[in-house]
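A short reminder: the numbers here are calculations on the coordinates, not readings from a lab. What you see is a predicted model; the values in this text were computed from it and never measured. Cβ placement follows ideal geometry from the backbone for every residue including glycine, while neighbour counts extend to all protein chains displayed.
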Amino acid sequence: MEKKTYKRLSLQERVVIETLLEEKRSKTYIADRLNRSRSAITREINKWVGEPWQRYSAELAHWSAREDYLNKRNLDKIGTYGMLRFYVYKGLLNGWSPEQIAGRIKLDYPEDTVMTISHEAIYMHIYSHPQASLNRKLIALLPYQKTRRRRASSAKKRRVRIPDQVSIDLRPKHVEEREEAGHWEGDLVIGAGQKSAIGTLNERKSRFTLIAKLNDRRAPTVRRAFARKLKPVKESLRKSLTYDNGTEMAQHKRLSRQTGMQVFFAHPYSSWERGTNENTNGLIRRYFPKGTDFRTVSEQQLMEVQNKLNGRPRKMLGFLTPAEALALETP
C-alpha cells in the first residue's frame, strides 16, 4: 500500500490563494484550482482569516510557515516563539497597531508568559532589518510607514501638552464595562502627506460611528466639526468622550460646554484604551486607503461610509447593527 505523503503549500500556491480570496472565490473552488484537499485549504485560510474583513497575505503566511518548519531560534522573542509571531503578524495584517496588539494580547492570553510582548519590542522586531523584503512588508502594514524607527523617548520630549487635560484614570470605572450608552471615543484618520484628515467618533456600547469632514486639523476646526456631529445626538447619549493626545483637541473645554460631554485623554502610546475607535478607523481604511487625500472626499461620500458601518450586523451586538443597538438606548 502506497504511503500517503503531505506536501507543504508553496509560496506560489499561497499567492493563488491570496488572489482568489480577493476575487471572493470559495474554499472549494480554490482547492480545485490547486488540486488540493478542501480541508488543507480551509486550515490555511482559517488560520489567518477569522472574520470577513480580515486579509490573507501569501508572503507573510509562507514566511511564518517556513520559520515554524525550520524551527529557527532568532534573538528576539517574536522570532523565537511561532505562536507569538503568528499573533503579531495576524494583528498587523488586520490593521492593528503594535500598541493595539500589545494591549489585546494581555486580554487574550492573561496567564501565558510566552504570549506577552510590548509595543516597543514589536517595533524593534519590525525594524530589525529595514531593508529586508519581509521587514519592508511589515513596515508597510504599520499606520505610519516610516523607513526608520523614531524612538518614543525623543517623541515624548517634543510632545506638546494640552492645557487642563483630564486623564482617563479619572473616567468613571463603569464606562469600561460598556453597560451604559453615551460614552464615546474619538480620533482623526490622517490623509496623504499628513495634509488632510477626517474626524471619527464611536459610541462604546453600540459601536455607532460618526464621521466628520475637516477642512484642516486645527483645534477650532476639529472642535466645531465634532460639535456639529454630536449635537443632534440625544442629550442622554452624550456623556463622555475619550480622546488621544493630539493637539487638535486643545479646545476640549469648549467642546464640553457645547455638547455637555466630559473629555478624557488616554495615556500616551496606549491606543487600545480607545479600541473601538481604533478598530473602526481600520474599517474606514478599507474605503479610504492610506494615501487618500481627504480634501477630495465629499461629505456625501463620508456619509455613505458612515451609513455602511452603522448598517453592518455585528456579532458582538447579537448581530444587530450599530444603528439598531443605539436606537434601543433611546428613551
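Listed values, structure above:
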| read-out | value |
| --- | --- |
| Under the Karplus curve 6.51 cos²θ - 1.76 cosθ + 1.60, θ = phi - 60°, whole-Hz ³J(HN,Hα) for segment 203-209, x wherever Gly or Pro sits | 7, 5, 7, 8, 6, 5, 10 |
| Where GluC sites (Glu not before Pro) fall in DSSP loop in segment 173-243, at most 15 other Cβ within 10 Å | Glu179, Glu180 |
| Helix-only [θ]222 nm of the chain, DSSP H runs n ≥ 4, -39500 (n - 2.57) each, per residue, nearest 500 | -13000 deg cm²/dmol |
| Net lengthening on full extension, Lys106/Ala323 (0.36 nm per residue, minus Cα-Cα) | 75.1 nm |
| Ranking of Val49, Val88 by count of other Cβ atoms within 10 Å, fewest first | Val49, Val88 |
| Stokes-Einstein D (µm²/s) once Rh is taken as the Kirkwood radius of the chain over alpha-carbon pairs, at 4 °C in 1.567 mPa s | 59 |
| Given Lys213/Lys234; Lys234/Lys290; Lys106/Lys290; Lys173/Lys205; Lys253/Lys308; Lys106/Lys315, the pairs whose alpha carbons are separated by over 24 Å | Lys234/Lys290; Lys106/Lys290; Lys253/Lys308 |
| Proxy reagent accessibility, fewest Cβ within 10 Å first, across Val189, Val175, Val114 | Val114, Val175, Val189 |
| Under-5 Å amide H pairs with Arg314, H placed in peptide plane, nonlocal only | Phe319, Leu320, Thr321 |
